[in-house]
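Notes to accompany the following structure.
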């Protein structure tokens, strides 16, 4: 009897240890876990779920799930399927809208656990998708730069010969009227040479010096407002004064930012609002590299937006959405920021276009 009693104590102790370990795992996992019933009432939230939803467990318990967040998928159908089949259900890359107005992209899994309850797991994939998108942008930038360099090399050699032959021909002509044609050839050759140089972007090595990003932005703001003398263009500022100076080529930074802000002004026809916003972000992944401190610079306008088709190729050379555009401004800007170790991203919808520049602040 004593042995049986001791065995029961050991079994109970083992069970308590297991439950304690399970609770610790649930409390420390980064995946948001919520326990809901058939009426979608919440019975449990782990700390990761509290952070994701922005509501404490005490406030959320016994509340209907859809009064706190909105999942842009057919959650009703998913729950019905889980309760009927007793099999898990998963949807990938679902937009999660929180009552505070924030949005996240999550993978949503519904796991039946009995007693008419379902464990909902929400795993954020925003950062993973952003890193993947940045890697594609960086790869796209490198590939397009290599392509342009190859094309420029192949075009420049015969172009130089064409211009030289036109000059020799001009020196042999006695009829001044015929020299008009050689002038056209020389002028067009020079124009093509200039276009190639612009496609290649800045061809000098960056002259690094301590750069204040707000001084750069103020210079750009002054230049764009000076160009938009006719119209009602407004450029607002929301600067973070804690951003330190960092090593960069100030003139190249002005060129990159001027290309983006000028594009925004032209999309608004000098009638609208551009917002310049700076913030410090910590532990940010850019491509495959983690940076301790990053300057996040947003250039936002309330223009008509950029089509989703154009957004995928926005930073390629010769891609433009304007009839009179060259399609080089954003490509050059991306090349300059890439040489700084950063990246430019774009999100756009009608009435809101945001270009985000992520620039490392570490001194290499």
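Just so you know, all these numbers are worked out from the coordinates, no wet-lab data involved. Everything numeric in this text was worked out from a predicted model, so none of it was measured. A quick note on method: Cβ atoms are made from the backbone with ideal geometry, for glycine too, and the neighbour counts reach across all protein chains shown.
A few points about this structure:
- Rounded, prolate or oblate (a/c below 1.5 giving rounded, otherwise prolate when a/b exceeds b/c) for segment 187-287 by Cα gyration tensor: oblate
- Once C-alpha pairs closer than 8 Å and six or more residues apart are averaged by separation and normalised to the residue number of segment 206-364, the relative contact order reads 23 percent.
- Unit Cα scatterers, Debye sum, segment 205-245: log10 I(q)/I(0) for q = 0.16, 0.20, 0.30, 0.33 Å⁻¹: -0.55, -0.74, -1.07, -1.16
- Protection proxy ranking, peptides 41-49, 216-224, 79-87, 249-257, average beta carbon neighbours within 10 Å, highest first: 249-257, 41-49, 216-224, 79-87
- Tail weight of P(r) past 21 Å, computed on alpha-carbon pairs of segment 31-124, percent: 21 percent
- Oblate is the label for segment 245-285, because the ratio a/c of its alpha-carbon gyration tensor axes (a ≥ b ≥ c) is 1.5 or higher and a/b is not greater than b/c.
- Summary of packing: across the peptides 159-166, 52-59, the per-residue average of other C-beta atoms within 10 Å ranks them, highest first, as 52-59, 159-166.
- Kirkwood estimate for segment 221-266, i.e. one over the average of 1/r between Cα atoms, Å: 12.3 Å
- Computed FRET value (nearest 0.05) for residue 194 with residue 95, which takes r as the C-beta separation and R₀ as 51 Å: 0.65
- Whole-number percent relative contact order across segment 31-124, with pairs defined as alpha carbons under 8 Å at least 6 apart: 30 percent
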